[in-house]
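Participant: One structure follows; several queries about it will come next.
Bear in mind these aren't lab numbers, they're just calculated from the coordinates by the rules spelled out. Fair warning: this is a prediction, and the values are worked out from it, not measured in the lab. Positions of Cβ are generated from backbone atoms using ideal geometry, with glycine treated the same way; all protein chains shown enter the neighbour counts.
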Amino acid sequence: MTAAGESPPPSLEPSLIGRLVGLSADHAWLVAAIVLIAGAALAHYVSRHFAMTTDTAALLSPKLPWRVRQAAFNAAFPPERSDIVVVVDGRTPELSETAAATLAASLAAATTVFHSVQQPDGGPFWEHNRLLFASTEDVKKLIAQIVKAQPFLGSMASDPSLRGLADTLSLIAKGVNNGDTPVQELRNPLGALADALQGLAAGQPPFFSWQTLITGEQPGERELRHIILVDPVLDFTQLQPGKSPIAAIRATAQRLRLDAAHGLRVRLTGPVPLQDEEFATLAQRAGLIAALASVAIVLMLWFAVRSPWLIASILATTLVGLVAATALGLALFDRFNVISVAFIPLFVGMGMDLGIQFCVRYRAEHGAGGQVRTALIATGRTMGKSLTLAAAAIGAGFLAFTPTAYYGVSQLGVIAGLGLITALVLNLTLLPALIRITRARGAAVRPGAQTAVIDAYVLGHRKLVVGTGVVAAMVCAALLPLVRFDFNPIHLRSATVESVATLVDLMRDPDRSPNTLEVIRPDLQAADELALVFRQDPTVHGAHTLSTFIPAAQREKMTLIADAADLLDFTLNPLELAKPPTDAEVIASLQRAADKLRQVSIEDRPLLADIERLAADFAGLARGTPTARSRAEQMLIPGFVTSLGQIRSFLHPEPVSIATLPPELVRQWVAPDGRARVSVLPAGDSNDDAVLRRFTAAGVKIAADATGTAVYLQEYGRAVVDAFIEAGLLSFVAICGLLLFALRRVRDVAITMAPIVLTGLLTLGTCVVIRQPLNFANIIALPLLFGIGVAFHIYFVMSWRSGGSHLLTSSLARGVFFSALATATGFGSLWASSHPGTASMGKLLMISLVWTLASALLFQPALMGPGRENVAAAGATS
């Protein structure tokens, strides 16, 4: 007796698959024992040999032209070993420079934790020659400002203490009264000092900049930020290889009190912090997501099969198959990569689908009672061919991925293809054995009123349903050129973690963007000529060669600086330094300065108000505690000492030529064979895909042999997309060929594949409408969606070919519906991940599975129409 909507029973002649299922049921305990023991052995193998690489560079063929260029560039100019980038920001230039130098020195001493520590803008060369890289006008301006600051610099250079500052102000007050000191030159310094001391007395953070006082200008970001490049000792046996070096940097910064309370912020970015924090982001909510996925899958399985024993049997079969497929992947390729590891959700989704289809049909065959063995054999006889054809077609489709140049996709295809064959075998052997052992009960199929209404509407309005699908497909096809692939891996990471936020912050400065174009030319002259061409392009912020480090107008600047050095020599380098003062001497000097300042009489009322405030501040410090005076000295004097040292250094530059540049700097820009490098920086925000795309396109037009990060990111993304397109086309052809061989009718193959094409177009069209780009993470979900879709449509076509009618009311539709829901709710829970890439994968899975269900349950039944045998019977009757 066939339930409504089911396919008529095939011949009762035992089929090969029916025999296999019957044999497994007859020897259920033996089959279960053998498979489970083998599964345990394979699990042991996996636990001992599991390995995975996150090196995405190894996933593409090194013979690709852009990779050949990249390798040639890296050979000529080995990249700096800076796996950790330490960014030091300070509230004042003095704080940031001192902190960066102190931290770099402390880290360099820890040779067991760090291979090397570099400060790119530090060292003797930059300390002495930095002023030469400013414009001539800026040099003149700075020198004039330093000369104006002589009243402060002179006396304090010989007594760099709070006493020295108080004595300096006493002399200035006397000079004002005598008319020896220009009043207008005191407005900024005295006002700044008064503000700082009043803020200190009010409990505000004590940050004072002598550089700002001298120049009269607020410092820019460049002056407040310094970079330290660290090459750490990594432990690749750990999930977070950089955990120890990162902890050491943070502990050192804490020990040195480089924190917000002291006007400083230390942040880490670079490859190692990015990778380690990405792992931490992935781990966030991992327990919640796993729990949600598990509950959702079990719940959907319950709705599908309504039996705890059947649920347990499906999950056990899927788990054994997953272990076997994992062992197979390790045996073939030694380790997984970030793409091939996607076989796990793919296998779970497809493996559970095979199990759900088998068990739903078993329940229908078994009914409310009857023999378990008979129902299992009938299930094998009725569903065996559909399951086998689906698994074979999808397996062939995945194996067709093998020829692609993207090794990640190629390996994914091999593991998934062979894994599906494993899943099929287990669902036709282990699953029947477990069902026989547990004697799970069945239930007769009772079509719901709603499904019957939908089925009647679809079959009664076939032209409308098919026409709607065709129109939707045409609209989505028109949207395909707007599908966007986001090739920027930064967009797959959480913007809230420190490493990503710091990198994005750095990238806002065009001079520090990592997304550069790199070009090699035969010599420095050719490199300079090319750099000049690049600088004319509006997408280019700057183009650097070794010549960039040779300052222009050196003779004029050095003359200006030498004159200033002669003028300020005795001011900056006093013959004798005062001894450190006692607290009593500090009190006396503060009181004396307060008295002298109160005696000043000038007509400039705002300046007089600042002088009176400063006098009150000094008098208050004189009356205050030693701690208050110590805090004032800590706020004012270290920064002065730093600024004084900087002035002394840059007033004694040396002529800069290629011969005098630091050898390590020269090696970064000129190879030993004389070839020279051109490094081109993008204008605008290089974290913006559109900006980077325009920059790269313009750069490649200027120099077709350009390489660098900008080219790498886009070519890598293009190679991934091309590989998936190639794999999709090869898979489509392979599946069509296999279906044609099995079904023997072109029309039936077209009916099977048309809904798959529709699903793909609807998914991509939806991505355009909701502005969801494809990326390196969510594109991995496409093979799973493709496999699930192919399986569903094969099930329906095979049932239709056997004469099944009103398929929406059948157990098959029930199995398809709940299989899709199990996959959607299980893997769609990834949408809740804190990791943007993982969340986008869950989002794309949900979108595609919705369209997969719609095309399988609506479009395909309308496309097929009544069952073949029903049509033939109707024709014979007429």
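Participant: Between Ala501 and Lys463, what's the calculated FRET efficiency when r is the beta-carbon distance and R0 is 60 Å? Round to 0.05.
Facilitator: 0.60
Participant: With +1 on the Cβ of every Lys and Arg and -1 on the Cβ of every Asp and Glu, and nothing else charged, how large is the dipole of the chain about its Cα centre, in debye rounded to the nearest 20?
Facilitator: 4260 debye
Participant: Let me ask something else. Under a crude label model (7 Å from the Cα following the beta-carbon direction), how far is Lys701 from Thr112 in nanometres?
Facilitator: Using points 7 Å along Cα→Cβ, the separation is 5.8 nm.
Participant: Once Rh is set to the Kirkwood radius over Cα pairs, what Stokes-Einstein translational diffusion coefficient, in µm²/s, holds for the stretch 515-571 at a temperature of 37 °C and a viscosity of 0.692 mPa s?
Facilitator: 233 µm²/s
Participant: Report the GluC sites (Glu not before Pro) located in the stretch 552-599 that are in a DSSP loop and have at most 10 other Cβ atoms inside 10 Å of their Cβ, or state none.
Facilitator: Here the GluC sites (Glu not before Pro) that fit, given the DSSP loop and packing criteria, are Glu576.
Participant: Oh, and also: Under a straight-distance cross-link criterion of Cα-Cα below 12 Å, which aspartates and glutamates are reachable from Lys148, leaving out those fewer than 8 residues away in the same chain?
Facilitator: Counting by Cα, and skipping residues close in sequence, Lys148 has these aspartates and glutamates nearby: Glu185.
Participant: Further, regarding this structure: Here are a few candidate values for Cα extents along the principal axes in Å: (1) 89, 69, 54; (2) 126, 62, 53; (3) 125, 77, 62. Which one was actually calculated from the structure I just gave you?
Facilitator: So the calculated entry is the one marked (2).
Participant: Quote to one decimal, in nm, the extra length available between Gln599 and Arg535 on full extension: 0.36 nm per residue of separation minus the C-alpha distance between them.
Facilitator: Fully extending the segment from Gln599 to Arg535 adds 17.2 nm.
Participant: Also, quick follow-up: Report the charge-dipole magnitude of the stretch 640-798 in Debye, nearest 20, computed about the Cα centre from +1 at each Lys and Arg Cβ and -1 at each Asp and Glu Cβ.
Facilitator: Once rounded to the nearest 20, the dipole reads 340 debye.
Participant: What's the FRET efficiency of Arg255 with Ala291 using the Cβ-Cβ distance as r and R₀ = 56 Å, to the nearest 0.05?
Facilitator: Calculated value: 0.90.
Participant: Taking Cα pairs under 8 Å and at least six residues apart, what relative contact order does the chain come out at, in percent?
Facilitator: Worked out over the chain, it gives 25 percent.
Participant: How far, in nm, would the chain grow between Thr374 and Asp583 when pulled straight, counting 0.36 nm per residue and subtracting the alpha carbon separation?
Facilitator: Extra length available between Thr374 and Asp583 comes to 65.0 nm.
Participant: Compute the distance in nm between two label points, each set 7 Å from the Cα along the Cα-to-Cβ direction, one at Val641 and one at Ala562.
Facilitator: Each label point is offset 7 Å from its Cα along the Cβ direction, giving 3.3 nm.
Participant: Which value, in nm² and rounded to one decimal, describes the direction-averaged projected area of the C-alpha convex hull of the stretch 411-570?
Facilitator: Dividing the Cα hull surface by four gives the mean projection, 25.8 nm².
Participant: Still on this structure, I have one more. Checking the cross-link filter: which lysines have an alpha carbon closer than 28 Å to that of Lys63, excluding same-chain neighbours under 8 positions apart?
Facilitator: Answer for Lys63, where 28 Å is the Cα cut-off: Lys701, listed by chain and number.
Participant: Determine the gain in length on full extension of the stretch Ala76-Ala456; use 0.36 nm per residue of separation and subtract their C-alpha separation, reporting nm with one decimal.
Facilitator: In short, 129.7 nm is gained.
Participant: How far apart, in nm, are the 7 Å Cα→Cβ label points at Ala552 and Ser61?
Facilitator: Between Ala552 and Ser61, the label points sit 4.7 nm apart.
Participant: Rounded to the nearest 0.05, what FRET efficiency do Arg745 and Val425 have when you use their Cβ-Cβ distance and R0 = 41 Å?
Facilitator: Plugging the Cβ-Cβ distance into 1/(1 + (r/R0)^6) gives 0.90.
Participant: Something else now. Quick one: P(r) of the stretch 574-684 from all Cα-Cα pairs, 5 Å bins, percents rounded to integers, in order of increasing distance.
Facilitator: 2, 8, 11, 12, 11, 10, 9, 6, 4, 7, 9, 6, 3, 1, 0
Participant: Which of the residue pairs Lys557/Lys579; Lys174/Lys579; Lys463/Lys843 have a Cα-Cα distance greater than 27 Å in the structure shown?
Facilitator: Flagged as over cut-off: Lys557/Lys579; Lys463/Lys843.
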